[in-house]
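S.K.: One structure follows; several queries about it will come next.
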Amino acid sequence: MYSPSLTLRLTAIFTLIMALACGGISLLLYKALRSELIWRDDQTLINRAAQLRQLLADGANPGALPLYFNRMVDTRQDILIIRPQDAQNVTINHTGVAMPGIAPTPAGVAPSEKQLRRWISNDGTEASALSLQADALAGPVTITLARVARERAVMLASYRQQSILISLAAVLLSAALSPLLIRRGLRSIGRLSKVVAETGSDRLTHPVPLPALPRELLPLGEALNTMRHSLATDFIRLTQFADDLAHEIRTPVNVLLGQNQVALGHTRTVEEYQALLEGNIEELEGLSRLTENILFLARAAHHNIKLNKETFSLHDTLEGLIDFLEPVAEEREMSIELYADGRLSADKMLFQRAMTNLLTNAIRYAPEMSRIAVRTFHRGEYVVVEVSNIGEPVREPDKVFERFWRGDNVRHTAGSGLGLSLVSAIATLHGGNAYYRHEQGRNVFGIRLGV
């Protein structure tokens, strides 16, 4: 599908605006000029009629009025009709326009625009007339003056033609110059596009130079810098994730490879092969759990997991988990205390998975013969569950929920470093979060879940 360029679109818009502006201005000026010319013609007609009436009142002979009339007007477009009471009518009409019947204004009434009679002549020209009664020495006289606006029509036609030509020239000039000016104004977009096109993994930390951008492009530049920062953070995280994943997978793969190579070195007994297969299965199960956890985290990051929410008792659910893990705790002579009440609406399987990870983490890293406490709290729209145990504070608390992160003091223990990441992901899926703090010699790991 054809999509016009931005330059073409802006040119069309500017040209249309120029055409509307020129047309509107020309129309307004034309109307103003026409109104002014009509007003002047009306005032001229009224003043002449008043002068002729005054001449008659001063004793002028009605037969001498044409002499004054010829000096005052243009006989090519003006008409004079004199109707004395006892004399022959005098008519001066070289326009060829027939006069309509007009009621005369009484002698004692001053002429005004309200008494004018307007009409359109046979040739389409506007005309106006005024009829007055005057008192002469010889008796009453009716004076009728009229003007056919041919000169005015010619002037207005000339103005229309010139206005159209000037407006057309302005529109064409705008259409010709607009692309040049628009391309010049869009150079900043070109420079910004070049900067974005040069974006690579090694340049994500280089921000777009905002001072070089015009004000209109500053929001776009700021958005691009925000995007670059996010991409840089994600790229670093992805690179670290890939390195950690390769490191975690390399160990079991090397173990499997070494065990099988040694087993194939010479003939083994059936019992030895069975032991080898059992070891392989154990390593493969670890790989399977690692893969499953990674896939879960990837789906959770994209909110691609459907929650099967149900309402259940916190005390009963946590008590069941503690009973399941109690044999592991007893091996290290630990005790688990539960302080829980109320109910929770959540995905029960995911909740149990998160709490299992927290309890396992506490059993694994707490000192032997210590006490682990599990507490629940109801705070507004959230349910909080905390697992606390005696221990030294974590050296990098801001990293405890990152994938594959494990503290230096736990490198010697089993695990992949994904347990707390899973806890954080499950809390986020439920509209909450996971957190850690150290207080009074105890490490506290908790999750906050939306009700």
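The values are calculated or read from the model by the stated rules, or taken from the named source; none is laboratory data. Remember, predicted model here, so these are calculated numbers, not experimental data. Cβ atoms come from the backbone with ideal geometry, glycine included; neighbour counts cover every protein chain shown.
S.K.: Can you tell me how many residues in region 367-403 are in contact (Cβ under 8 Å) with a residue 60 or more places away in the chain and assigned to a loop (DSSP other than H, G, I, E, B)?
M.R.: So the count comes out to 2.
For every residue, the table says whether it meets (1) within 30 Å of Thr428 (Cβ to Cβ); (2) aliphatic (A, V, I, L, M).
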position: Leu256; (1), (2): no, yes
position: Val262; (1), (2): no, yes
position: Arg268; (1), (2): no, no
position: Tyr273; (1), (2): no, no
position: Gly279; (1), (2): no, no
position: Glu282; (1), (2): no, no
position: Glu285; (1), (2): yes, no
position: Phe296; (1), (2): yes, no
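S.K.: Tell me which residues, restricted to region 387-414, are modelled with pLDDT of 60 or more and of a type in the set (A, V, I, L, M). Lay out the reasoning, then the answer.
M.R.: From region 387-414, those modelled with pLDDT of 60 or more are 387-407; that's our starting set.
The answer is Val387, Ile390, Val394, Val400.
S.K.: Now a separate question. Looking at region 417-433 only, could you name the residues that are touching a residue at least 40 places away in the same chain (Cβ under 8 Å) and not in a loop (DSSP other than H, G, I, E, B)?
M.R.: If we filter region 417-433 for residues that are touching a residue at least 40 places away in the same chain (Cβ under 8 Å), which is where we start, we get 417-423, 425-430, 432.
Once the filter is applied, which keeps residues that are touching a residue at least 40 places away in the same chain (Cβ under 8 Å) and not in a loop (DSSP other than H, G, I, E, B), region 417-433 yields Gly419, Leu420, Ser421, Leu422, Val423, Ala425, Ile426, Ala427, Thr428, Leu429.
S.K.: Taking region 257-294 as the search range and keeping residues that are of a type in the set (Ser, Thr, Tyr) and more than 30 Å from Asn357 (Cα to Cα), which one is surrounded by the most Cβ atoms within 10 Å (Cβ to Cβ)?
M.R.: Tyr273
S.K.: In region 26-57, what count of residues is obtained for those that are within 58 Å of the chain's Cα centre (by Cα) and free of Cβ contacts under 8 Å to residues at least 12 places away in the same chain? It would help to see each step written out before you state the result.
M.R.: Let us first name the residues in region 26-57 that are within 58 Å of the chain's Cα centre (by Cα), namely 26-42.
In the following step, the residues that additionally are free of Cβ contacts under 8 Å to residues at least 12 places away in the same chain were identified as 27-28, 31-32, 35-36, 39-40.
Looking only at that region, the number is 8.
S.K.: Check Ile79 against each of (1) touching a Ser or Thr at 6+ places or on another chain (Cβ under 7 Å); (2) surrounded by fewer than 15 Cβ atoms within 10 Å (Cβ to Cβ); (3) not in a helix (DSSP H, G or I) and name the one condition it does not meet.
M.R.: Answer for Ile79: the failing condition is (2).
S.K.: Same structure again: Return the residues of region 298-318 that are in a helix (DSSP H, G or I), modelled with pLDDT of 75 or more and surrounded by 12 or more Cβ atoms within 10 Å (Cβ to Cβ); say none if nothing qualifies.
M.R.: The first filter runs over region 298-318 and keeps only residues in a helix (DSSP H, G or I), leaving 298-301, 314-318.
Retained after the next criterion (residues that are modelled with pLDDT of 75 or more): 299-300, 314-318.
The answer is Arg299, Ala300, Leu314, His315, Thr317, Leu318.
S.K.: When region 130-167 is examined, which residues are found to be free of Cβ contacts under 8 Å to residues at least 60 places away in the same chain and on the phi < 0 side of the Ramachandran plot?
M.R.: If we filter region 130-167 for residues that are free of Cβ contacts under 8 Å to residues at least 60 places away in the same chain, which is where we start, we get 131, 133, 139-140, 153-154, 157-158, 161-162, 165.
Across region 130-167, the qualifying residues are Ser131, Gln133, Pro140, Ala153, Val154, Ala157, Ser158, Gln161, Gln162, Leu165.
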